[in-house]
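Only one structure is covered here, and it is reproduced in the block below.
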Amino acid sequence: MRTYTNKKNVQAKPYYTDRFWKAPQVAKYEVESDEVFAADLAAIKAKFPVSDAFIQVEQMTVWINASDIYGVLELMRDELAYTQLSEMSAIDFIEQRDEFEIFYQMLSMTKRKRIRIKYTIKNGQAVDSVEKLFRSADWSEREMFDMFGIEANAHPFMKRILMPYDWQGYPLLKTYPLQGDEFAAWYEVDKIYGKEAREEIGPEIRDTSTIDRYDSERFAKLGHEVPKGTEITGDEPKNEQNYQEEGGVFLIKKFDKDSSKVIDDPQR
Amino acid sequence: MAQHKVNYTQDGGLPVALTSIDKIVNWGRSNSIWALTYGLACCGIEMMASGASRYDFDRFGTIFRASPRQADVMIVAGTLTKKHAEFIKRLYDQMTEPRWVISMGSCANTGGMFNTYATVQGVDRIIPVDLYLPGCAPRPETLQYGVMLLQKKIRANKAGNAQKPKRLM
């Protein structure tokens with residue numbers, strides 16, 4: 001019987017964690033400490049419910065409801081002069097809370113301010129597309145679908161963007177192993193040669209510390225090559241590798257090292 | 001009738017060189033290795049540098065071609081992703097025989113530092129490779145040396161015979 005392994009989080013973990021160590025948090029400040037942000041937040045709060053808002057590293061984070069995202073971004077673009085959506089994606093919190101955090105990073109060139117809009121969705125839920133508001137969301141939402149499997153409603157072309165269309169699995173999920181699952185390991189072999197070729201081509205060598213017993217036979221020290229099958233001792237004599245064969249090459253003058261001029265000065 | 005001034009029978013004056021078919025065919029092949037432009041990542045920059053004036057690949061007869069049908073050697077320079085694997089196979093199949101493959105750099109040889117789900121762990125899983133160049137990225141001198149070794153390899157083969165099917169892996 002196969003041993004049980006917890007597949008909730010297969011990403012690499014530290015070997016040792018101090019149970020009394022508390023991860024440092026970036027300091028949070030009241031929104032009222034910055035008057036531009038305070039005015040922006042008041043404008044958002046007038047129309048939409050806001051569950052939390054604070055300033056971290058001179059940027060404001062606003063937590064809203066998932067259904068309000070289109071309205072909030074429209075308000076921010078048209079009335080609050082946040083005209084750029086620089087980035088958007090998701091964060092996997094499936095193991096902790098069975099949900100994703102979605103963030104939208106907004107930039108105002110006139111106010112010189114950045115605001116991060118955040119909300120959570122449950123695992124398996126879809127988000128509302130903001131592609132109609134910001135063209136940059138087109139590819140970002142496709143990438144989010146590609147990497148997390150979160151679909152965007154009303155997106156004009158909801159397909160994978162980085163991975164091939166016939167790929168299985170969502171690589172940025174915590175449950176996805178970094179070196180790929182079984183589908184990923186055989187993807188190119190199955191697609192090009194078919195499953196029958198798996199045995200002939202063999203599995204991928206992922207272990208970087210693998211030592212092949214033929215390595216020293218096949219790969220010799222450059223300039224100290226020996227014939228195949230020779231016992232490698234480590235102090236092989238210098239084996240002058242001539243570009244031209246002993247008999248010379250047809251129609252080409254034999255290169256004579258002694259009569260050639262060597263340029264020593266690299267700054268000639 | 002004009003008098004011939006050259007004595008053809010003395011001092012190598014005869015404008016005839018005797019050789020075997022193998023040698024003259026291999027001489028032609030080895031001195032006109034046209035390479036397929038195949039820069040996939042940063043090794044492609046070194047490959048371009050090899051083709052440019054300082055390292056000057058043209059003096060080996062190596063001219064980069066943008067079509068697999070005109071190319072003799074495929075220099076796989078860079079990281080091969082799994083998405084791209086089928087295209088490298090298709091381009092290799094489109095090359096006319098005899099054809100050779102140089103795997104340039106760690107990524108093309110073994111996947112290199114990209115021990116991830118999206119990278120093919122060595123192009124020899126997809127196409128047979130004649131020459132592996134170590135380095136990350138190999139310097140243009142390494143690629144030049146590789147092409148010279150390939151020329152040597154071509155000269156060692158029988159020209160008349162059809163190319164033996166190469167073993168994958």
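The values are calculated or read from the model by the stated rules, or taken from the named source; none is laboratory data. If you're wondering where the values come from, they're calculated on a predicted model, not measured in any experiment. So basically every Cβ, Gly included, is an ideal-geometry build from the backbone, and we count neighbours across all protein chains shown. Just so you know, the surface numbers come from the protein's heavy atoms only, side chains and all, with ligands and any DNA or RNA stripped out. Shrake-Rupley method; radii C 1.70, N 1.55, O 1.52, S 1.80 Å.
The translational diffusion coefficient of region A:48-155, from Stokes-Einstein at 20 °C and 1.002 mPa s with a Kirkwood hydrodynamic radius over alpha carbon pairs, comes to 153 µm²/s. Farthest towards the positive end of the charge dipole of the protein assembly as shown, among the residues A:Gln179, A:Gln125, B:Pro138, is the Cα of B:Pro138, using unit charges on the Cβ of Lys, Arg, Asp and Glu.
Within the listed set A:Pro14, A:Pro237, A:Pro177, the residue fluctuating most in the Gaussian network model of chain A (springs between alpha-carbon atoms under 10 angstrom) is A:Pro237. Under a model in which nothing but the beta-carbon of Lys, Arg (+1) and Asp, Glu (-1) is charged, region A:1-122 shows a dipole of about 620 debye around its Cα centre.
What average number of partner chain Cβ atoms lie no more than 10 Å from the Cβ of the residues making up A:187-195?
Details: counts 7, 13, 5, 0, 5, 8, 4, 0, 0.
The shielding value for this peptide is 5.
Structure remark: mean-square fluctuation, Gaussian network model of chain A, C-alpha springs under 10 Å; the largest value among A:Ile192, A:Ile91, A:Ile69 belongs to A:Ile192.
Lys-Lys pairs in region A:1-79 that are eight or more residues apart or on separate chains and whose Cα atoms lie under 25 Å of each other come to 4. Taking amide H as placed 1.01 Å from N in the peptide plane, A:Glu225 has its amide H under 5 Å from the amide H of A:Asn239, each at least 5 places away in sequence or on another chain.
Between A:Asp52 and A:Leu222, the simple label model (points 7 Å from Cα in the Cβ direction) yields a spacing of 5.5 nm.
Before I look further, what does region A:10-153 give for accessible area per residue, probe 1.4 Å, in whole square angstrom? Intermediate results must be reported in sequence, preceding the final value.
Numbers: 8400 Å² over 144 residues.
In whole numbers, region A:10-153 has 58 Å² accessible per residue.
What residues of region A:236-253 lie in the reach of a label at A:Ser259, counting those whose backbone N is under 16 Å from a point 7 Å from the Cα along Cα→Cβ? Inside the label zone: A:248-249, A:251-253. Using a probe radius of 1.4 angstrom, the carbon and sulfur fraction of the accessible surface of the protein assembly as shown is 54%.
What whole-number value in Å² describes the accessible area per residue of chain B for a 1.4 Å probe?
Numbers: 9050 Å² over 169 residues.
On a per-residue basis, chain B sits at 54 Å².
Lysine pair count for region A:74-220 (Cα-Cα distance under 22 Å; residues 8 or more apart in sequence or on different chains): 7.
What FRET efficiency comes out for the pair A:Phe103/A:Leu172, r = Cβ-Cβ distance, R0 = 22 Å, nearest 0.05? Display every interim value, and only then the final one.
Numbers: r = 14 Å, r/R0 = 0.63.
Efficiency at R0 = 22 Å is approximately 0.95.
At q = 0.06, 0.13, 0.14 Å⁻¹, what is the log10 ratio I(q)/I(0) for the protein assembly as shown, with the Debye formula run over Cα points and no solvent? Rounded to two decimals, the profile gives -0.45, -1.21, -1.30. What number, in percent, do you get for the relative contact order of region A:134-268 if the mean sequence gap of Cα pairs under 8 Å and at least 6 apart is divided by its residue count? In percent, rounded to a whole number, it is 11.
Is it possible to state the helix-based mean residue ellipticity at 222 nm for the protein assembly as shown, with each DSSP H run of 4+ residues giving -39500 (n - 2.57), the sum divided by total residues, to the nearest 500 deg cm²/dmol? What is it? Intermediate results must be reported in sequence, preceding the final value.
Values: 13 runs with 109 residues, N = 437.
Mean residue ellipticity, 222 nm, calculated: -7000 deg cm²/dmol.
With a 1.4 Å probe, how much accessible area is buried between chains A and B, both sides summed, in Å² to the nearest hundred?
2900 Å²
Phi angles across region A:245-256 convert, under the Karplus curve 6.51 cos²θ - 1.76 cosθ + 1.60 with θ = phi - 60°, into 3J(HN,Hα) values of 5, 4, x, x, 10, 3, 6, 10, 5, 5, 6, 10 Hz, Gly and Pro given as x. Taking 8 Å as the Cα distance limit and 6 or more residues as the minimum spacing, I'd like the relative contact order of region A:10-153 as a percentage. With pairs under 8 Å counted, the relative contact order is 18 percent.
Please give the contour-minus-distance gain from A:Ala38 to A:Val10: 0.36 nm per residue of separation, less the Cα-Cα distance, rounded to one decimal in nm. Write out the running numbers ahead of the final one.
Details: separation 28, 0.36 × 28 = 10.08 nm, distance 4.18 nm.
Taking 0.36 nm per residue and subtracting the Cα distance, the gain is 5.9 nm.
Springs join every pair of Cα atoms under 10 Å in this Gaussian network model of chain B, and among B:Lys83, B:Lys23, B:Lys153 the largest mean-square fluctuation is at B:Lys83.
Write out the GluC sites (Glu not before Pro) in region A:60-160 meeting two conditions: DSSP loop, and at most 10 other Cβ atoms within 10 Å of their Cβ.
Nothing satisfies the criteria.
Packing, taken as the mean count of other beta carbons within 10 Å per residue, orders the peptides A:116-128, A:193-205 from highest to lowest as A:116-128, A:193-205. When both region A:46-68 and region B:103-129 are represented by their alpha-carbon centers, they are found 45 Å apart. Here's the picture: a label point sits 7 Å out from the Cα of A:Glu246 along the beta-carbon direction, and within region B:138-159 the residues with their amide nitrogen under 18 Å of it are B:152-153, B:155-157.
A Cβ-based charge dipole, computed about the Cα centre of the protein assembly as shown with Lys and Arg at +1 and Asp and Glu at -1, lands at about 1000 debye.
Label point of B:Asn31 set 7 angstrom out along Cα-Cβ; within region B:86-126, no amide nitrogen lies under 14 Å from it.
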